[in-house]
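Following: one structure in structure tokens, then a few remarks.
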Amino acid sequence: MTTTEPNRLLVLGGGTAGTMVANRLHRRLPGWQITVVDKSDIHDYQPGYLFLPFGTYTPAQVRRSRHAFIGDGVELVLGEIDRVDAEKQAVFLQDGRTLDYDYLVIATGTTPRPDQTPGMLGPEWHKSVGEFYTYDGAVALAEQLANWRGGRLVIHITELPFKCPVAPLEFTFLAHDFLVKRGLRDVTELVFVTPLDGAFTKPVAAKHLGTALAERSIDVETDFMIESVDQERRVITSYDEREIAYDQLVTIPLNMGADFVGRSGLGDELNYVPVDKHTMQSTEHATIFALGDAGNLPTSKAGSVAHFSVEVFVENFLELVSGRPMTHSFDGHANCFVESGGGKALLLDFNYDTEPLTGTFPLPRVGPMTLLKESRANHLGKLAFRHIYWNALLPGRPLGLPSDMTMAGKNVE
Ligand SMILES: Cc1cc2nc3c(=O)[nH]c(=O)nc-3n(C[C@H](O)[C@H](O)[C@H](O)COP(=O)(O)OP(=O)(O)OC[C@H]3O[C@@H](n4cnc5c(N)ncnc54)[C@H](O)[C@@H]3O)c2cc1C
């Protein structure tokens, strides 16, 4: 390859999607200069945050050094990204360094932004106003729950989209279980507050999950668009002036893409990069792709989506750089375990066109996992995923799961 041919791939963000894509392409594109930029050397297994407040995982089990997962031959640059100049094909870091690219992958994910809701940040942040979408928040919430003696425990979603849309439901089910085991369920009111008109976005899943909440006597407050938090009075207020009192609030703050995406003129109003939903290519710039939570794909923001879409992207990218049309198409496939407590979980499998259905996964009739139905096998699958994540997914080893959703094993009602 001559030096005039494009051979520089710059990956912004070394989380789930960025790490996978760099490791996979490094093996497939010898001679390419692949660079990953991230602001810190800490890589967290974010799905593990769910288990920290209940003491199921220790903090050490969800945290590793990023260096351990970026393969030899891929350069890891540590620094905060300030801006992308798409015309000049250059990225500026806050410390003054400039990185030029031929192709750019934006994989800087999405971040909880409590600063966007009046009153959410304040002296009670990470105390009576808790969250489990960051490492610090999940660790602080573990302490709050360890000291819990009863009252109103309110789990609250600010707005869609947010990553792992089932996580607040999982937290609610696990909280129920935790309180039952400690003899505190009878003295705790559990309330699930959502801006949606039901437990979940998709009708069949919403019905199943709504039933699971009702069976556990968990109150559901729907269509709640939060306006503010009053930390002194311990109430949240909606735009239609409903007030909900809490003793402990567990909130999912507004999620937003990285600020530099907005500053660079590459994002929508929430700093997500508009992309073609089948190729993840920027709708504005042919040399830019957004993978994982950073893009505006109309499917769940989830590690499973990052995984399946990276597989499609890698095959397309190999075609693109060899001058051929991109022939692979991402179908929006998402695969989400929903912990329901008692050592069980449900499993949702869906894509852009097909909502989660009942049945078995991955094999028809045999399973061993059950779709939209609680089972022990699903729970064990969820726990096993932490090992799969560190040892297979991040290094870019094949998992043997098709990136496209299949109808095999699904019941069409
Ligand atoms: C509580 C919780 C539970 C979850 N459970 C599940 C689950 O069960 N199943 C599932 O599939 N998914 C789950 N997820 C979602 C999953 O973790 C994310 O969807 C996935 O990590 C997205 O990958 P990503 O690469 O797009 O972003 P990330 O993995 O978040 O990586 C983004 C990277 O960009 C870096 N970055 C951002 N801005 C900058 C900047 N300006 N400069 C430099 N670097 C920057 C960050 O440091 C980070 O390393 C869960 C998430 C949470 C929070």
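Those residues that are at negative phi and in contact (Cβ under 8 Å) with a residue 60 or more places away in the chain, I need them from the range 383-401; list them, please.
Phe385, Arg386, Tyr389, Trp390, Leu393, Leu394, Pro395, Leu399, Leu401
So which residues in the range 336-391 are surrounded by fewer than 21 Cβ atoms within 10 Å (Cβ to Cβ), within 24 Å of Tyr45 (Cα to Cα) and of a type in the set (A, V, I, L, M)?
Residues satisfying the conditions are Ala377, Leu380, Leu383, Ala384, Ile388.
When only residues in the range 93-129 that are more than 30 Å from Ser238 (Cα to Cα) and surrounded by fewer than 15 Cβ atoms within 10 Å (Cβ to Cβ) count, which is nearest to the chain's Cα centre (by Cα)?
Gln94
Please enumerate the residues belonging to the range 75-127 that are more than 12 Å from the ligand (Cβ to nearest atom) and β-branched (Val, Ile, Thr).
Thr98, Thr117
Please give the helices (runs of 4 or more DSSP H) falling wholly within the range 203-322 in which 3 or more residues are within 15 Å of the ligand (Cβ to nearest atom) and touching a residue at least 40 places away in the same chain (Cβ under 8 Å).
Ranges flagged: 259-263, 303-321.
Which of the residues that make up the range 276-293 are under 16 Å from Ala334 (Cβ atoms) and among the aliphatic types (A, V, I, L, M)? Can you show your working first?
First, pick out the residues of the range 276-293 that are under 16 Å from Ala334 (Cβ atoms): 277-278, 280, 291-293.
The answer is Met280, Leu291.
Which numbered condition trips up Arg233, out of (1) at pLDDT below 95; (2) basic (Lys, Arg); (3) surrounded by fewer than 16 Cβ atoms within 10 Å (Cβ to Cβ)?
The one condition Arg233 does not meet is (1).
Could you please give the count of residues in the range 67-92 that are loosely packed, with under 12 Cβ neighbours inside 10 Å and touching a residue at least 60 places away in the same chain (Cβ under 8 Å)?
So the answer is 0.
Which one is nearest to the chain's Cα centre (by Cα) among residues in the range 19-66 that are of a type in the set (S, T, N, Q) and either within 15 Å of the ligand (Cβ to nearest atom) or buried (at least 23 other Cβ atoms within 10 Å of the Cβ) (or both)?
Gln46
Hey, could you check the range 248-271 for residues that are surrounded by fewer than 24 Cβ atoms within 10 Å (Cβ to Cβ) and among the small types (Gly, Ala, Ser) and say which is nearest to Glu124 (Cα to Cα)?
Across the range 248-271, the extreme among qualifying residues is Gly262.
Which numbered condition trips up Arg182, out of (1) under 30 Å from Val312 (Cβ atoms); (2) among the basic types (Lys, Arg); (3) free of Cβ contacts under 8 Å to residues at least 40 places away in the same chain?
(1)
The values are calculated or read from the model by the stated rules, or taken from the named source; none is laboratory data. On a predicted model such as this, the values are computed, not experimentally measured, just so you know. As a convention, Cβ positions derive from the backbone with ideal geometry for all residues, glycine included, and neighbour counts pool all protein chains shown.
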